[in-house]
Amino acid sequence: MTRAVHPLEGEARDRLIRWIRRRMKETGITLDALEQALIDDRRELNAIRYRDAYGNTWTGSGDMPTWLRRAVAAGQCIEHFQTSGL
């Protein structure tokens, strides 16, 4: 079940932004580093075409990984493992 995320408004949003900025300053995370991490995460998520409940992933390129080959051999349909990005 997917939980809806409601956008924050007003003071709650401002407090959250201040909290995030403090944590970034404390840990030495820059806006550039955060932006690059988000870009990298998006690129990785977009590249993943198949995923199982244990976190195993496959882009669909190259040889089918063992975890997926075993599942298919056991009768599981490969479409069951497709990510929602397809």
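Read-outs: derived from the displayed coordinates by stated rules, not from any lab. As the structure is a computational prediction, the values presented were derived from the model and not from experiment. Because the Cβ atoms are built from the backbone with ideal geometry, glycine has one as well, and the counts that use them run over all protein chains shown.
Taking the fewest neighbouring Cβ atoms within 10 Å as the starting point, the ordered list for Trp58, Trp19 is Trp19, Trp58.
Charges only on Cβ, +1 for Lys and Arg, -1 for Asp and Glu: so what's the dipole of the chain about the Cα centre, in debye to the nearest 20? Let's see the in-between values first.
Numbers: 14 positive and 12 negative charges, 48 e Å.
Its charge dipole is roughly 220 debye.
Run lengths n ≥ 4 of DSSP H only: what is the helix-derived mean residue ellipticity at 222 nm for the chain, with -39500 (n - 2.57) per run over all residues, to the nearest 500? Before the final figure, lay out each step's value.
On the way: 3 runs with 43 residues, N = 86.
It comes out at -16000 deg cm²/dmol, rounded to the nearest 500.
Normalising the Debye intensity of the chain to I(0), with uniform scatterers on Cα atoms only, and taking log10 at q = 0.15, 0.21, 0.23 Å⁻¹ returns -0.79, -1.02, -1.11.
Considering the dipole of the chain built from charges on the beta carbon (Lys and Arg +1, Asp and Glu -1) around the Cα centre, which of His6, Trp67, Leu16 is farthest to its positive end? Final value for the positive-end residue is Leu16.
Projecting the Cα atoms of Ala47, Gln82, Thr30 onto the charge dipole of the chain (Cβ charges, centred on the Cα centre) puts Thr30 farthest toward the positive pole.
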